[in-house]
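The values are calculated or read from the model by the stated rules, or taken from the named source; none is laboratory data. Being a predicted model, the structure only gives us computed values, none of them experimental. Cβ placement follows ideal geometry from the backbone for every residue including glycine, while neighbour counts extend to all protein chains displayed. The accessibility values were calculated without ligands, DNA or RNA, using every heavy atom of the protein model including side chains. Shrake-Rupley method; radii C 1.70, N 1.55, O 1.52, S 1.80 Å.
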Amino acid sequence: MEIDAAREVRTTCPYCGVGCGVLAKVAADGQVSVRGDPDHPANFGRLCSKGSALAETIDLDGRLLHPEIDGRCVRWDEALDRVASTFSQTIAEHGPDSVAFYVSGQLLTEDYYVANKLMKGFVGSANIDTNSRLCMASSVAGHRRAFGSDTVPGTYEDLELADLIVLVGSNLAWCHPVLYQRIAAAREERPEMKIVLVDPRRTMTADIADMHLAIAPDGDVALFTGLLAYLGQHNALDRAYITEHTTGFGQALFAASNLDLAGVAEATGLSEDELGRFYSLFARTEKTVTVYSQGVNQSSSGTDKVNAIINCHLATGRIGKPGAGPFSVTGQPNAMGGREVGGMANMLAAHMEIENPAHRARVRRFWNAPDIADKPGLKAVDMFKAVADGRIKALWIMATNPVDSMPDADAVEAAIKACPFVVVSDVLASTDTVRHAHVRLPATAWGEKDGTVTNSERRISRQRAFLPAPGEARPDWWIVAEVARLMGFGEGFAHATPAEIFAEHAALSAYENDGARDFDIGAYAGIDAEEYDALAPFQWPEKDGQAARSPSARFFANGNFYTPDGKARFIPIRPVAETRTDENFPLILNTGRVRDHWHTMTRTGKSPRLSQHIAEPFVEIHPADAQHFGIGDADIVRISSPRGEVLVRALVTSRQRQGSLFAPMHWTDQFAAKGRLDALTASLTDPVSGQPALKHVAVRIEKFAAKAFGFAVMRQRPVPVAATYWAVAKCRGGWRVELAFADDDIDWAGFAAALFGASPDMLAYHDRDAGQHRIAAFDGERLAGALFVAPGPVAVSRGWAAEQLEETHAGQRERFRIVAGRAGAERPDAGATVCSCFSVGANQIAAAVAAGCTTVASIGETLKAGTNCGSCRAEIRAIIEARRVQAAE
Ligand code: SF4
């Protein structure tokens, strides 16, 4: 591929479902830079910290560049032949349901389309499921129950037009930061806009909330069922909408009226006063949007939560109107594209239904397929159970890391290890999943591949290549199509470009579609390579250049649902009280994300900037619980469930609800000794959607009795680390490692040499009585590594220590300063990184507040913090507020 150094390439961010437009540029020296695309309707030029750091994540370190069989580099034809022949043989011997694909919301739509086509239309099984099952399957199921289709009714603009935004189980500030910024900007223009946050934790999103309802885990069904009853009792219904456009209202209201306000208070852990204020605000605010994401979806009652929310919007007619509607935001960059191609086990392509014989016949006809799956396949959790018990004998995992992200992850890992034949297509040579593959296929990464993605508001955007494919990496669609050809299905997979696949996908969406299906992009069925190359972001439905069913970009303001009678269905919901804790596992663990990392860190873990905000796995615990369990701030703790355990750092904070813990899901065996959080979670799923309940796990916590703690910086990545607890993170000059040891009878000089290499040029300080050891090794004038050991959490400034890797240390004075573990007085400790873009720490912000800065804007003027991507503004405001409270005490 020719690189045009002068040209900025329009592409799309590969992280969350906001789907921001990115302008990427390769300079003459090969340096890549990115900025937000000012013309993209999702972000209008904004990017969050992750998007802003994309250029730091595209190096070739750790890339899988050649096909491998059993660890041996092979030619593509040999690898493809092994995959095709083993799948064909397995199908011949054991039937089509003995094989499976586990794919990903990180795939592009074109990749997803051919994978789904091969499995459902040509293999004849629906055993293709996706990590999107873990993300938003309950939203899909809720939409289909209520609307008859998986339709997101609203648009991002509604978030700016609303007078009330209810955020349910959604830490928008960290997980969908650009949407958070759009809401924050709209609120600044219209201060009368109200925001309610429903979340067990006081997350950073609470920063813009007028009301934070610290709901009990999984209390959402009761909250919204109670709201429906309240709307009925307070004459806040849109009777005309209910009558003309819905069915089942009476049953839904009857089910809701079983729960009085006291019952709702008990089920939600909220006071009747809090409930009354929220219900009254909702009832009187016509322009209301309810935004929900993983806190709703990742639950054993996720589908009921979705329908309880939708019931309230149908009852008030607040759907599909400017500034009003239920709004599911997806976690993944292409969860929506996956839904469009039917990439889940219980869907067919182009929003058709696998259970519907007419739909199956239509898709088979269109594909000219020899076969078509005639029943839903195994959803993710059941798929890995079938791998474990031997029903699935050949498994192909594409662009995802189930050993870390699936619930009951140790059991999933054991199943993959025992599977007779495992293929993994990935960009990295070493992930916790790739290491178990018999065949490894090198896939192209973001920046190297071409295709489309669909964001949470149904907007389809191009991802465009601006870098050449490295080594022998190939696009996922090409890999799947080649295997299909070798399996004897060449005619159905003769696509030469992603443009041809997109055109076929668009044609299928319009095929025999008389308006009975929502997804219709028939306007693009004849798209050619040039038009595809120039394709601007567009929002479906778009047929013949105009909206197919709806007069606007929104759905359902005037009914026209995709049910047989065209009416939406109210779903009667009855909250079910559930207790998962017991005396052995007395706490509820909630899992989620942090601001600057993404999924299993295969990309963000490469960025020094992103790795500084939070550099190790942690658990948030309420001060009262911490005291009860004898845990101090920064202790290492063991969290256990009946399935496994992790070792993480304790963060004691009153933001956390008492009785609950929160820990992030990003850390893997590549980054920490024992940080795979999904080793704790259960394979308990929602009965309708099959989505796992990742946010409500009974656990216990105990202090890990560390005899010694350590912190080290080094130029080279350390492998392996001989410590009970370790967590490694990239920093600007190399790597930093947090350490804790069960034993302190250790030869520290030997440990340091193993960590960053033996050097004749070493300085050491040992105070054995105090348990203090500091060792620095030099390579010429450069620091090769430094280790700091103490009997408690090491107090050395992390930022300062990491900076030493980039500086020269010619004189003894500078060298002794490292071993002393202290920056000079002229180098105050910046503290934990808050602003990743400008590397501004918490201590610097606190000092600026003490010096008179009282607003986020004035901090920006003084330190630049918060003036680029804005993802840290909520944290800056929290520091200002904390200082204000301190000063008042
Ligand atoms: S909000 Fe951030 S992570 Fe999400 S798409 Fe935009 S830039 Fe990417």
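List of remarks:
- Only one entry of G447, G471 meets the criterion of being closer than 25 Å to K25 by Cβ and in contact with a His (Cβ under 9 Å, 6 or more places away or on another chain), and that entry is G471.
- Matching option when the condition is at pLDDT below 95 and either of a type in the set (A, V, I, L, M) or away from the ligand (no atom under 15 Å from the Cβ) (or both), among A24, A28, A55: A28
- Only listed residue being crowded, with 19+ Cβ neighbours inside 10 Å and free of Cβ contacts under 8 Å to residues at least 40 places away in the same chain, chosen from H622, H613, H628: H622
- The strands (runs of 3 or more DSSP E) located wholly in segment 546-649 that include 2 or more residues which are under 21 Å from the mean Cα position of the chain (by Cα) occupy 587-592, 618-621.
- Residue within segment 391-407 that is surrounded by fewer than 20 Cβ atoms within 10 Å (Cβ to Cβ) and either of a type in the set (K, R) or assigned to a loop (DSSP other than H, G, I, E, B) (or both) present: yes
- Screening segment 238-351 for helices (runs of 4 or more DSSP H) wholly inside it with 2 or more residues that are of a type in the set (S, T, Y) and more than 19 Å from A568 (Cβ to Cβ) returns the ranges 272-284.
- Matching option when the condition is within 16 Å of the ligand (Cβ to nearest atom) and in contact with a Phe, Trp or Tyr (Cβ under 8 Å, 6 or more places away or on another chain), among A173, A236: A173
- Filter result for the condition that a residue is open to solvent by 10 Å² or more (accessible area, probe 1.4 Å), at pLDDT 95 or above, over 21 Å from the mean Cα position of the chain (by Cα) and within 14 Å of the ligand (Cβ to nearest atom), over R63, R35, R72: R35
- From A830, A777, A810, residue being more than 33 Å from the chain's Cα centre (by Cα), over 23 Å from A706 (Cβ atoms) and modelled with pLDDT under 90: A810
Okay, residues lined up against (1) modelled with pLDDT of 95 or more; (2) of a type outside the set (K, R); (3) open to solvent by 30 Å² or more (accessible area, probe 1.4 Å):
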position	(1), (2), (3)
V713	yes, yes, no
P720	no, yes, yes
R736	yes, no, no
G750	no, yes, yes
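- Residue within segment 781-798 that is more than 23 Å from G632 (Cβ to Cβ), of a type in the set (D, E), modelled with pLDDT under 95 and surrounded by fewer than 16 Cβ atoms within 10 Å (Cβ to Cβ) present: yes
- One residue stands out among those in segment 757-773 that are open to solvent by less than 40 Å² (accessible area, probe 1.4 Å) and in contact with a helix residue (DSSP H, G or I) (Cβ under 9 Å, 6 or more places away or on another chain): the one that is modelled with the lowest pLDDT, which is S759.
- Criterion (modelled with pLDDT of 95 or more, more than 29 Å from V412 (Cα to Cα) and among the hydrophobic types (A, V, I, L, M, F, W, C)) met by exactly one of F662, F629, F618: F629
- One residue from R133, R145 being under 23 Å from the mean Cα position of the chain (by Cα), under 30 Å from I354 (Cβ atoms), away from the ligand (no atom under 16 Å from the Cβ) and among the basic types (K, R): R133
- Applying the set (1) in a strand (DSSP E or B); (2) surrounded by fewer than 21 Cβ atoms within 10 Å (Cβ to Cβ) to A776 leaves exactly one unmet item: (2).
- All conditions in (1) in a loop (DSSP other than H, G, I, E, B); (2) open to solvent by 20 Å² or more (accessible area, probe 1.4 Å) hold for W726, with the sole exception of (1).
- Boolean, S85 is modelled with pLDDT under 95 and either among the polar types (S, T, N, Q) or open to solvent by less than 50 Å² (accessible area, probe 1.4 Å) (or both): no
- Qualifying residue in segment 573-594 (condition: over 29 Å from V264 (Cα atoms) and within 16 Å of the ligand (Cβ to nearest atom)): yes
- The single condition among (1) open to solvent by 30 Å² or more (accessible area, probe 1.4 Å); (2) among the aliphatic types (A, V, I, L, M); (3) assigned to a loop (DSSP other than H, G, I, E, B) that A754 does not satisfy is (3).
- Answer from G226, G232 - the residue that is surrounded by fewer than 19 Cβ atoms within 10 Å (Cβ to Cβ), more than 30 Å from W540 (Cα to Cα), of a type outside the set (F, W, Y) and touching a Leu at 6+ places or on another chain (Cβ under 6 Å): G232
- Which numbered condition R46 fails, given (1) closer than 21 Å to R458 by Cα; (2) open to solvent by less than 30 Å² (accessible area, probe 1.4 Å); (3) near the ligand (Cβ under 10 Å from one of its atoms): (2)
- I460 being among the hydrophobic types (A, V, I, L, M, F, W, C) and within 30 Å of V289 (Cα to Cα): yes
- Checking each residue in segment 514-542 for being under 22 Å from M352 (Cα atoms), open to solvent by less than 60 Å² (accessible area, probe 1.4 Å), outside any helix (DSSP H, G or I) and in contact with a helix residue (DSSP H, G or I) (Cβ under 7 Å, 6 or more places away or on another chain) picks out R517, D518, F519, D520, I521, A525, E542.
- Members of segment 5-15 found to be of a type outside the set (S, T, Y) and either on the phi > 0 side of the Ramachandran plot or within 13 Å of the ligand (Cβ to nearest atom) (or both), listed by number: C13, P14
- Members of segment 343-367 that are touching a residue at least 24 places away in the same chain (Cβ under 8 Å), in contact with an Asp or Glu (Cβ under 7 Å, 6 or more places away or on another chain) and more than 19 Å from D111 (Cα to Cα): R362
A quick yes/no check of all residues on (1) away from the ligand (no atom under 16 Å from the Cβ); (2) modelled with pLDDT of 95 or more; (3) surrounded by fewer than 24 Cβ atoms within 10 Å (Cβ to Cβ):
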residue	(1), (2), (3)
A141	yes, yes, no
R182	no, yes, yes
R190	yes, yes, yes
V196	yes, yes, yes
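- Output for segment 36-72, where each listed residue is of a type in the set (D, E), within 26 Å of G471 (Cα to Cα) and touching a Cys at 6+ places or on another chain (Cβ under 9 Å): none
- Filtered by the rule that a residue be away from the ligand (no atom under 16 Å from the Cβ) and at positive phi, segment 848-888 gives G852, K864.
- Filter result for V18 (within 21 Å of the chain's Cα centre (by Cα), near the ligand (Cβ under 10 Å from one of its atoms), assigned to a strand (DSSP E or B) and β-branched (V, I, T)): no
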